[in-house]
């Protein structure tokens with residue numbers, strides 16, 4: 001093996017996988033599901049790699065904690081590779097992994113940053129920009145919406161998905177009659193909703209981080225906004241449940257999995273209960289199996305895990321993971337509509 005190679009792996013060294021996840025705080029429930037899915041994959045891998053090690057760190061969805069976790073995993077734990085849930089987590093720690101020349105995989109989402117964030121950064125997630133563009137096309141072409149109000153959080157994900165929606169909607173001939181940001185944690189959206197009504201919006205696109213979506217939807221119904229409601233994948237099931245009747249009829253783009261029932265059965269066998277959100281468990285499960293596949297290729301071909309990741313081609317629980325020589329296996333979200341409190345495909 002070329003000793004100048006990055007992400008070196010020796011056939012004599014066991015695979016050590018690190019995870020940097022929000023195991024507490026607002027995203028704690030989602031991070032825990034990702035972690036549980038990862039543990040299922042780790043247990044399955046022990047038949048082939050009995051010395052495999054998995055270490056997860058709580059990043060509290062805080063940049064400071066993310067960096068501290070990355071430094072610990074690399075300097076103290078000697079990880080071979082790591083994964084995290086979202087690009088927002090990867091952004092502050094990508095320089096740490098690039099410097100150490102250790103691969104970092106993002107499991108939930110993907111965006112343009114992945115493609116420019118350095119040689120150690122990879123993703124098997126869903127395109128954020130693609131979701132915004134998809135919603136714009138659907139709203140304009142399928143729902144006949146010509147005038148839209150944009151109300152969204154001051155948040156990196158919300159900025160990206162809204163920016164993609166805005167650009168595509170305008171390119172199609174639509175008009176943005178209101179374009180307003182608000183801070184995460186806002187509890188009263190009535191003034192902005194009233195402004196959308198006055199502006200004559202046919203629809204409101206309101207991608208927000210949980211748990212603001214249910215609050216916004218409820219307040220919009222209270223103010224009797226009669227237009228169409230549009231959202232993104234922050235409109236998770238717990239938000240739909242919290243919004244109750246206010247969630248009915250809302251369109252949103254969302255992640256999905258093609259073989260989730262397979263993982264759901266494994267989850268029930270291991271933990272004795274049904275998953276709170278099996279799609280997030282699949283993010284951990286597929287991330288671990290992607291890194292294991294790269295480790296296997298690295299051993300067989302005497303190359304780094306970093307380089308081996310570009311050769312990965314496996315059937316994941318969520319979808320086929322096929323890098324094709326790139327640093328991402330990007331997926332596109334699907335369109336859903338809330339009917340009787342349940343998301344149903346709208347395409």
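The values are calculated or read from the model by the stated rules, or taken from the named source; none is laboratory data. Please read these numbers as outputs of a predicted model, since none were measured by experiment. All Cβ positions, glycine included, derive from the backbone under ideal geometry; neighbour counts span all protein chains shown.
Being touching a residue at least 60 places away in the same chain (Cβ under 8 Å), in contact with a helix residue (DSSP H, G or I) (Cβ under 9 Å, 6 or more places away or on another chain), surrounded by 24 or more Cβ atoms within 10 Å (Cβ to Cβ) and assigned to a loop (DSSP other than H, G, I, E, B) is the requirement here; does residue 161 meet it? Answer is no for this residue. Only one entry in 319, 293 is buried (at least 18 other Cβ atoms within 10 Å of the Cβ), at pLDDT 95 or above and touching a helix residue (DSSP H, G or I) at 6+ places or on another chain (Cβ under 9 Å), namely 293. Note on segment 268-290: residues that are within 18 Å of residue 319 (Cα to Cα) and touching a helix residue (DSSP H, G or I) at 6+ places or on another chain (Cβ under 7 Å) amount to 12. For residue 255, the conditions (1) surrounded by 18 or more Cβ atoms within 10 Å (Cβ to Cβ); (2) on the phi > 0 side of the Ramachandran plot all hold with the exception of (2). Determine whether segment 216-227 contains at least one residue that is closer than 14 Å to residue 145 by Cβ, assigned by TED's automatic domain parsing to the domain that holds residue 134, out of contact with any strand residue (DSSP E or B) (no Cβ under 6 Å at 6 or more places or on another chain) and not in a helix (DSSP H, G or I). Yes, segment 216-227 has at least one match.
Quick check on my filter: what residues within segment 89-107 are crowded, with 24+ Cβ neighbours inside 10 Å and touching a helix residue (DSSP H, G or I) at 6+ places or on another chain (Cβ under 7 Å)? The answer is 89, 93, 97, 102, 103, 104, 105, 106, 107.
Within the group 55, 42, 102, 93, which residue is in contact (Cβ under 8 Å) with a residue 12 or more places away in the chain, in contact with a strand residue (DSSP E or B) (Cβ under 9 Å, 6 or more places away or on another chain) and in a loop (DSSP other than H, G, I, E, B)? Even if it seems obvious, please write down each step before you answer.
Working: 55 fails: in a loop (DSSP other than H, G, I, E, B); 42 fails: in a loop (DSSP other than H, G, I, E, B); 93 fails: in a loop (DSSP other than H, G, I, E, B).
Matching residue, one of 55, 42, 102, 93: 102.
The single condition among (1) touching a strand residue (DSSP E or B) at 6+ places or on another chain (Cβ under 8 Å); (2) assigned to a helix (DSSP H, G or I); (3) outside the structural domain of residue 44 (by TED's automatic domain parsing) that residue 244 does not satisfy is (1).
Residue 238 meets the conditions (1) part of a loop (DSSP other than H, G, I, E, B); (2) surrounded by fewer than 19 Cβ atoms within 10 Å (Cβ to Cβ) in every case but one. The failed one is (1).
Here segment 133-158 is the region considered, the condition is being part of a helix (DSSP H, G or I) and touching a strand residue (DSSP E or B) at 6+ places or on another chain (Cβ under 8 Å), and the residue that is modelled with the lowest pLDDT is 157.
The residues of segment 56-84 that are closer than 21 Å to residue 308 by Cα and touching a helix residue (DSSP H, G or I) at 6+ places or on another chain (Cβ under 8 Å), listed by number, are 74, 79, 80, 81, 82, 83, 84.
Screening residue 170 with (1) without any contact (Cβ under 8 Å) to a residue 12 or more places away in the chain; (2) buried (at least 16 other Cβ atoms within 10 Å of the Cβ) gives one miss only, at (2).
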